[in-house]
Structure formats: C-alpha cells, structure tokens
Amino acid sequence: MNHATAPCLAIAAALLTPLAISLDADAQRVRKAPDVWVQSCVSCHGSTGGNGSASSLLNDAWTVGNGSDADIFRAIHDGVPDAGMEAFGPTLSDAEIQGLVVYIKELRSQHQRGLSEVGQGESSFTGRKTYTSQHHDFVVEPVAQGLDLLWSMTALPNGDWLIVERDGDLRLARPNANGNPRVHPRPIEGTPKVRAVGQGGLLDIALHPDYANNGWVYLSFSEPRRIEGDERTMTTVVRGRIDNHRWVDQEVIFRAEDEHFGGARHHYGSRLAFGPDGMLYFTVGDRAQRHRAQNLDHPYAKVHRVHPDGSVPDDNPFLDTPGALPTVWSYGHRNAQGLDFHPDNGTLWLSEHGPRGGDEINFVEKGKNYGWAHITYGINYNGTPITHRTEAPGMEQPAVYYTPSPALIGIDHYTGDRFPQWENDLFVSAIASGQLRRLRTTSDGEVVEDELLFQDQGRLRDVYNAPDGYLYVLTSEGNILRIAPTD
C-alpha cells in the first residue's frame, strides 16, 4: 500500500463563513475517472493497466519516480518523453488527472492483492489462522460469533465486557476460563433510542477514567428527533450507569441544536476518547454537508472537547472566535471513525474515512484545520473529481494516507505484555478491505512503520486493546476475533 507523509502546515485564521470549495473553472469538468481512462489511457496501457503496449502500471517498476501520487500526477500532466508518453496537462484538468491517480492506484491494488500472500494464513483448525509479521508471529481466532453488526467494545474492571451492537443493543459478556466471552442473552435495558439505518445506530462506548468509583459509561449514537414533521438524526453523546442490568442516571453530554439534525443516514463520526487531561474528546462527521466542514459555527466534521460532565473547558481554542461553537477542538475532518491517545506521549491520533481514495491517519492538534473538503487525495464515489487540490496554506497534511481506500474505521494503541515489540503501536482496522494495519508513530506526528498484518478477514469494524493483553477485532458480520501470540 502506497502512502505519503508530509509536515504540518501553519494554521489559518478561523473560518466562520462557507469556504469556497466549489471547484474552480479548471476543475469544473467532471468527467468520471473510468471514462477518462478509457478515452485517454486504454490505447497504450490496456483496459487493466498492464495489458497494453506501454509499460505496466501494475508492478513495482516505475518509469518515473517511485510511484507516489505526486509522481503519477506529474507523469500524466507533463508526459514522459523518453517513454513516448505525451503530456496530458493541456487536454485534461488537474482534477481529472487527480482522478486518474486514484483510478490507477485502484487497478494496482486489485492486481497486487491477488498476488499477495498477506492474509493467506495457514489454518491449524477451522477458523484459526497463523500469520508472520515484522515483529511477532500471531494467530487470529474467533471467540464470539452470531452477534449483530458490531461497532465497539470495552472491558470493565471486573473483567466483564460491554459490547455495542449497531441496532441499539448494549450487551454484557463474561469471559470463561478460556477467555472466550459468554454473551448475556438479554441486552441491557433502557439504553437510548437510536435510528439504526445506514451508518447510524448505537456507535461507540467509553468508560470514565474514574469508572471504578463513579460508574459512568459514555455512549454515542444517532439520535432520532421529529422536527417539523420529519424524522432527522444527529450524533449525540450521553452518559449513564448500569445497575442490575439496566441503563440508569442518563445525562446528555452533547446534543446539537435542532437545526443541525438532518436526513442523511451516514457520516456520524461518533468516536469517543478520554485524554490524559481528563477531558472527553469525540468526533462528528460531516453528515453529508461537506460545504459545512470548514464552518466553526456548525458541529459537523469536527473533533469536540468537553469536560466529562459536558461543560466546556476554558482553554478550548475557539472560545474567543465570534460565532464559533465552544466545543470545537479541530476541524475539516470528513468522517473520523477512529480516535485514540498515544499511551506514552499523549498525542492524539485519528483515522479519517475518506471518499474514493484518500483515507487518512491524522495527528490531531489543538485548533488546526485538516482540510476537508477543500483539499483531499480522493475523488467522489462515482469517479468524478472533488477538487484538484491536495494541499493548501493553513491546512494540515495527513501523517499518512491511503489510495485506494481500505475504508479505515477503528483504531487503538497496544499497551499489553503479550506482544512486547508492539508496545505503544497504533492498530487500525478497515471494513472494505478487511485489513488490520500496525503503525509506529513519533511524538511529532510522523509514521515510521506501517505494516499490513492481514486482510480479507471480514469487514473489520473496530480493534480493541484489552486488559488481558490480547487484541480483539470486531466485525460487521457479528464476530469477535482474538489476536494472540503463537507461543
């Protein structure tokens, strides 16, 4: 998987009015990338990118550069005279060329995925697979099956688990002597009503840092509300306690104003993480309102920060910005599906579920703008351009990005003792590709190792660093997988 790293850019002044993200005249031509490929590329490179008269685009040998997005863009735009390739800059817009970059990366990924041995573990018995990785050999084995679409989980101090199902059920599970969870047949009663359609439902769960003494459990979900006769939804965060298998003492931590509830059924964001400062950080996606992502007076496409009781900290970055929502910590995030703090240095990391191409891992800092939808390495799902811009002054570059999109979702740092050489590494799950990746990061926001551990093991919804020292992966198919050492 190709990726790119780049230094952060300086933060721009806060923007409260809609940013002009409509494409400029050059980018207004919205031919789909597959159509541009057929019209401009197939005659030389063939339909697959590797079956034409020109050099193959599917292997690791590149005529120009090392195959980075920038190198591919430059080759298409400027041409490669020594290889007999004409320059397409005069005939294709920059946005169309960016679309071709994504499309070529997709062709390469499809080809190389078929050749890869990653994910082809040897089965020692049904459902159990063994893998070799850079630092540890490990096995992946199912420990629970038959649940509904899973979103997240957490472990209680007594060893029990709380498991979140998208349909709105919060389930208690108790591991047996082998560590396999026995799921209670009845969900916990009285949890919030959710609208479980599209990407909505009961979404994330987190425990208060002092849970052992106060019992607070935090949930995020797509809250349905009937407004002006229509049922609309929005990301809401609450906390409550569990008493005798019932959800009690509920308090609202974050609920948007009615005007921000909408009809879209996706991009809720919803991830929760407590920071080393004791504050609650949570994400809200752009709710299909990409033109609002740069607006500080809208909650969409943001990381928010509040006290555990929902009140606003007095050092949030936009408190003195007229009209800005006081909870905003960072902005310009399309749909942040993972959020976690490094256990040693306290840095905040976020996984960004991109469009078609351009999934990102971001190093999140106070008050900074991460660019959506003014800059992106992706294109629309239908192949049309979003913008030709991949960088702009005052907008942060991702620590790493992926084209094509593996569909990044949950992330978690490892802190157990069963995999000592993975200590503090960041694990990232993905649904479209079924990938689990391991990243090693630095305190200044660089990714220095990026390893694909396995793929094609179902739609991986989340990864969880459990107190027992194992990693657990939750799937959309309702399975929980355990990652354990081979010895």
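The values are calculated or read from the model by the stated rules, or taken from the named source; none is laboratory data. Everything quoted here is computed from the prediction, not taken from an experiment. Counting neighbours? That spans all protein chains shown, and the Cβs are built from the backbone with ideal geometry, glycine included. What goes into the accessible areas is simple: the full protein's heavy atoms, side chains included, and nothing from ligands, DNA or RNA. Shrake-Rupley method; radii C 1.70, N 1.55, O 1.52, S 1.80 Å.
Figure the gain on full extension for D78 and T91 (residue separation times 0.36 nm, minus the Cα-Cα span) and round it to one decimal in nm.
Answer, rounded to one decimal: 3.6 nm.
For V64, the solvent-accessible surface computed with a 1.4 Å probe is close to 50 Å², ligands and nucleic acids excluded.
When the chain is fully extended, how far beyond the present Cα-Cα distance does Q145 get from N213, taking 0.36 nm per residue of separation? Don't skip to the answer; put the middle values down first.
On the way: separation 68, 0.36 × 68 = 24.48 nm, distance 3.25 nm.
Answer, rounded to one decimal: 21.2 nm.
In this structure L474 has an accessible area near 0 Å², from a 1.4 Å probe over the protein heavy atoms.
Rolling a 1.4 Å sphere over the protein heavy atoms, what is the accessible area per residue of the range 362-487, to the nearest Å²?
Details: 3670 Å² over 126 residues.
Using a 1.4 Å probe on heavy atoms only, each residue of the range 362-487 averages 29 Å².
Could you compute the FRET efficiency for T442 and A70, with r as their C-beta to C-beta distance and R0 at 25 Å, rounded to 0.05? Walk me through the numbers before you get to the answer.
Working: r = 23 Å, r/R0 = 0.91.
Here the calculated transfer efficiency is 0.65.
Rolled with a 1.4 Å probe across the full set of protein chains, the surface gives S443 an accessible area near 80 Å². In this calculation the C-beta distance from S56 to R186 is compared with R0 = 60 Å, giving a FRET efficiency of 0.60.
Could you give the alpha-carbon Rg of the chain over 2.2 N^0.38 Å, rounded to two decimals? Don't skip to the end; give the middle numbers.
Values: Rg = 22.8 Å, N = 487, 2.2 N^0.38 = 23.1 Å.
Normalised by 2.2 N^0.38 Å, the Cα Rg of the chain equals 0.99.
A straight Cα-to-Cα reach below 22 Å connects K302 with the lysines K366, K368, residues fewer than 8 places away in its own chain not being considered. Classify the range 293-425: rounded, prolate or oblate, from the alpha-carbon gyration tensor (a ≥ b ≥ c, eigenvalue square roots; a/c under 1.5 rounded; otherwise prolate if a/b is larger than b/c)? Oblate is the answer for the range 293-425, as a/c is 1.5 or above yet b/c matches or exceeds a/b.
Each peptide in 40-48, 244-252 was scored by the mean count of other Cβ atoms within 10 Å over its residues; highest first, the order is 40-48, 244-252. Taking a ≥ b ≥ c as the square roots of the eigenvalues of the alpha carbon gyration tensor, the range 129-279 is prolate, as a/c is not under 1.5 and a/b beats b/c. A simple spin-label model places the labels of H135 and N380 4.2 nm from each other, with each point 7 Å out along Cα-to-Cβ.
Which order do the peptides 223-233, 360-370 come out in when sorted by mean C-beta neighbours inside 10 angstrom, highest first?
360-370, 223-233
For the range 220-337, the square roots a ≥ b ≥ c of the C-alpha gyration tensor eigenvalues yield an a/c of 1.5 or more together with a/b not exceeding b/c, which makes the shape oblate. What is the list of residues in the range 177-206 whose amide nitrogen lies under 19 Å from a point 7 angstrom out from the Cα of R241, following Cα to Cβ? Inside the label zone: 188-192, 206. What base-10 log of the normalised intensity I(q)/I(0) is obtained for the range 383-487 from the Debye formula, alpha carbons as equal point scatterers, at q = 0.14, 0.16, 0.20, 0.24 Å⁻¹? Taken in order of the listed q values, log10 I(q)/I(0) reads -0.62, -0.77, -1.07, -1.34. For the range 155-169, the residues whose amide N sits under 16 Å from a probe point set 7 Å from the Cα of R418 along the beta carbon direction are 155-156, 159-161.
Just by accessible area at a 1.4 angstrom probe, what is the order of S311, S433 from largest to smallest? List each step's numbers first, then the result.
On the way: S311 50, S433 5 Å².
So, going from the largest accessible area down, we get S311, S433.
Probe radius 1.4 Å, ligands and nucleic acids left out: which of M85, M279 has the largest accessible area, and how do the rest follow?
Details: M85 60, M279 25 Å².
Accessible-area ranking of M85, M279, largest first: M85, M279.
Rg/Rh, computed from the Cα trace of the range 314-383 with Rh as the Kirkwood radius, has the value 1.03.
Ordering V428, V448 by accessible surface, largest first, gives V448, V428; the 1.4 Å probe counts only protein heavy atoms, with every chain in place. The order of the peptides 199-206, 91-98, 464-471 by mean Cβ neighbours within 10 Å, most packed first, is 199-206, 91-98, 464-471. Size descriptors for the range 409-466: radius of gyration and Dmax over Cα atoms are 11.4, 33 Å.
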